[in-house]
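The values are calculated or read from the model by the stated rules, or taken from the named source; none is laboratory data. Note that the coordinates shown come from a computational prediction; the quantities given were computed from them, not determined experimentally. Glycine also receives a Cβ, built like all others from the backbone with ideal geometry; neighbour counts cover every protein chain displayed. Accessible surface is based on the protein model in full, side chains and every heavy atom, while ligands, DNA and RNA are left aside. Shrake-Rupley method; radii C 1.70, N 1.55, O 1.52, S 1.80 Å.
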Amino acid sequence: MTLNPVVAEVTNRIVERSGPTRADYLRRMDAARERGVARAKLSCANWAHAFAGQTPADKLAMLGGQAPNLGVVTAYNDMLSAHQPFERFPDIIRRAAREMGATAQVAGGVPAMCDGVTQGRPGMELSLFSRDVIAMSTGVALSHDAFDAVLALGVCDKIVPGLFMGTLAFGHLPVVFAPAGPMPSGIPNAEKARVRALYAQGLIDRQTLLASEIGSYHSPGTCTFYGTANSNQMMMEMVGLHLPSTAFVHPETGLRDALTAAAAKRAAALSHSGEGRMAQIVDEKSIVNMIVALLATGGSTNHAIHLVAMARAAGVVIDWTDMDRLSSVTPLLARVYPNGSADVNAFQAAGGTAFVTRELAGSGAIHTDVTTIMGRGIEAYFQEPMLEDGELVWKDGVAESLDRDILRPASDPFQRDGGLRLVQGDLGRAVIKVSAVKPENRIVEAPAAVFETQEDALQAFQDGKLDRDVVVVLRFQGPRANGMPELHSLSPALSVLQDKGFKVAFVTDGRMSGASGKTPAAIHVSPEALAGGPLAHVRDGDIIRLDAEAGVLTTVGADDLAARPAAHRSLAHAQGASWGYGRELFSIFRNTVGAAEAGASVCFAPPIGAQDPQDTASDPNIVDRTVDA
């Protein structure tokens, strides 16, 4: 199938824009590779320290100097249900490595927050920053320079992007991501949403709400809605850093253990062959494939931020215009909660990642001439794993969806474009996820109700002050202001207002993430209010127009917007965002973090006065590495 010309056009633009930074990244990775095998560079004392705690058999293998040594970077903790299974993974990996004549060590652990615990709490203000901490922690873990390949164990929201960014700093090595899989299905998602809406209106008590939530989140494994964690897994499949179709296999099964062992064996095999280095796998084409996979499945809006930082770690420069352009030609193939009623288990049963990959490849929506940990090309990702007589085998995935209410072919998608759009105007640039928003709700023009905190907005809702056509504006929620927390607490309230028949929209420089639902929400508004963004000039009663169809986010009749004095955060809000719950430790992050569209990163924050990413196409030093349509 010929590559879609728009996909080719966007890829070429990214290649051109990324010329200097990509060339610099590859130069550094080539230099690291040329320095030779890691263990050969360590002195006797260094190497003795490295394996002093190992078993006698592993010590003998290491002393021989020929056995590849696999470094495991783990995000294990048992606060995250998705990461609890990682407790047993290192032993599985060690045994599998020995079968390949290799050794394996846990190189280090990285922090891993559970956003489900911190939602609506002050700790949520550390969540986005934790991504860059994870990247840095990965760098510390691998800094021993004692490894020939890497196993990265992570699933959830900021953890996979952080591991991805951190391991790219060691892109001269093969890197394999080994997930843990989703928990079994709990109560239906529609019922969960119904109970939350009732609680938001004060119609049921907290005990009833708690019983519903426990029925939803009930065992080891990823939460089963299609939020950031499960969007991570889809993208790791599409970029080719997973074994094929491993994302949505349940944790406590023989198949999951077999896949974990196979991931270790694959990493060992790649270290022997010298192929499958992460720097080879992650390039402009594979980044485009990740974006398309996200769009085709209605994935998390958090990745409008994360993908920019993840790409930048490989020297690839992307922006929201690229995502919007790709969205215009990406068919929406999946309806998974909150974009539908089914969960990821039903999605996997209907055909899952193998079906999506085959359909996107067959329709020309993705690049097929890419490198993965399985080799050249993407055809291996049309397969699914299974156990036969206790042995892991791979078979072709289903050729047709087994449930067209959940998963459809590219020839008959749920809609002809993807689930993410760029909106812009005199209020800045923002993204909106429309895959769950009905067409009749995608254009809202109404007076603004301006707030600084979620608590103030929720209080206004509870007091009945928002029972009208309204655009709720929540500002001073960007990365510089307070770490850009997710604002899930507002979702049930906004849904209730919309269900009452009011025209409702949400505009914020904060985040909404993969749980962005049926109410239109222009999020990640950039530049943020604290950095001089236009949201700081909006007043109660200003008419705001959000038009997701035309890509517009603007005021109506506020001709003096830029001339108005900017609002300032209240002293209490500013002080509250700077200390307590560990927030005082992150003041340097808030002072140096880049804008949302630049990835909201401290690792890759552009220096003051640097070119905007969208302007780098005019750089005369760009290397021509275009692709053919």
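List of remarks:
- Meets criteria (under 23 Å from residue 337 (Cβ atoms), in contact with a strand residue (DSSP E or B) (Cβ under 7 Å, 6 or more places away or on another chain), in contact (Cβ under 8 Å) with a residue 40 or more places away in the chain and crowded, with 17+ Cβ neighbours inside 10 Å) for residue 519: yes
- Residue that is on the phi < 0 side of the Ramachandran plot, of a type in the set (Gly, Ala, Ser) and in a helix (DSSP H, G or I), where the choices are 81, 130: 130
- Failed criterion for residue 28 (all others in (1) open to solvent by 70 Å² or more (accessible area, probe 1.4 Å); (2) in contact (Cβ under 8 Å) with a residue 24 or more places away in the chain hold): (2)
- Qualifying residue in region 298-310 (condition: in a loop (DSSP other than H, G, I, E, B), modelled with pLDDT of 95 or more and in contact with a Ser or Thr (Cβ under 8 Å, 6 or more places away or on another chain)): no
- Of the residues making up region 121-163, those that are in contact with a strand residue (DSSP E or B) (Cβ under 8 Å, 6 or more places away or on another chain) and under 25 Å from residue 585 (Cα atoms) are 124, 127, 128, 137, 138, 140, 141, 142, 154, 156, 160, 163.
- Residue among 292, 317, 282 that is touching a residue at least 60 places away in the same chain (Cβ under 8 Å), open to solvent by 10 Å² or more (accessible area, probe 1.4 Å) and either closer than 19 Å to residue 367 by Cα or not aromatic (Phe, Trp, Tyr) (or both): 317
- Taken over region 380-426, residues that are in a loop (DSSP other than H, G, I, E, B), open to solvent by less than 80 Å² (accessible area, probe 1.4 Å) and of a type in the set (Ser, Thr, Tyr) amount to 1.
- Selected residue (criterion: nearest to residue 156 (Cα to Cα)) from residues of region 522-538 that are without any contact (Cβ under 8 Å) to a residue 60 or more places away in the chain and open to solvent by 10 Å² or more (accessible area, probe 1.4 Å): 530
- Evaluation of residue 219 against the conditions (1) under 22 Å from the mean Cα position of the chain (by Cα); (2) under 16 Å from residue 83 (Cβ atoms); (3) small (Gly, Ala, Ser); (4) not in a helix (DSSP H, G or I) shows that the sole unmet condition is (1).
Rundown of residues vs (1) under 23 Å from the mean Cα position of the chain (by Cα); (2) among the polar types (S, T, N, Q), yes/no style:
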| site | (1), (2) |
| --- | --- |
| 178 | yes, no |
| 209 | no, no |
| 214 | no, no |
| 236 | yes, no |
| 245 | yes, yes |
| 257 | no, no |
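- Total residues in region 108-127 satisfying the condition of being in a strand (DSSP E or B) and open to solvent by 20 Å² or more (accessible area, probe 1.4 Å): the figure is 1.
- When 549, 597 are screened for being in a helix (DSSP H, G or I), under 28 Å from residue 446 (Cβ atoms) and either at pLDDT 85 or above or open to solvent by less than 60 Å² (accessible area, probe 1.4 Å) (or both), only 597 passes.
- Given (1) open to solvent by 60 Å² or more (accessible area, probe 1.4 Å); (2) in a helix (DSSP H, G or I); (3) at pLDDT 70 or above; (4) over 18 Å from residue 158 (Cβ atoms), number of the condition residue 585 does not satisfy: (4)
- Inside region 352-379, residues that are of a type outside the set (A, V, I, L, M), open to solvent by less than 20 Å² (accessible area, probe 1.4 Å) and in a loop (DSSP other than H, G, I, E, B) make up a count of 3.
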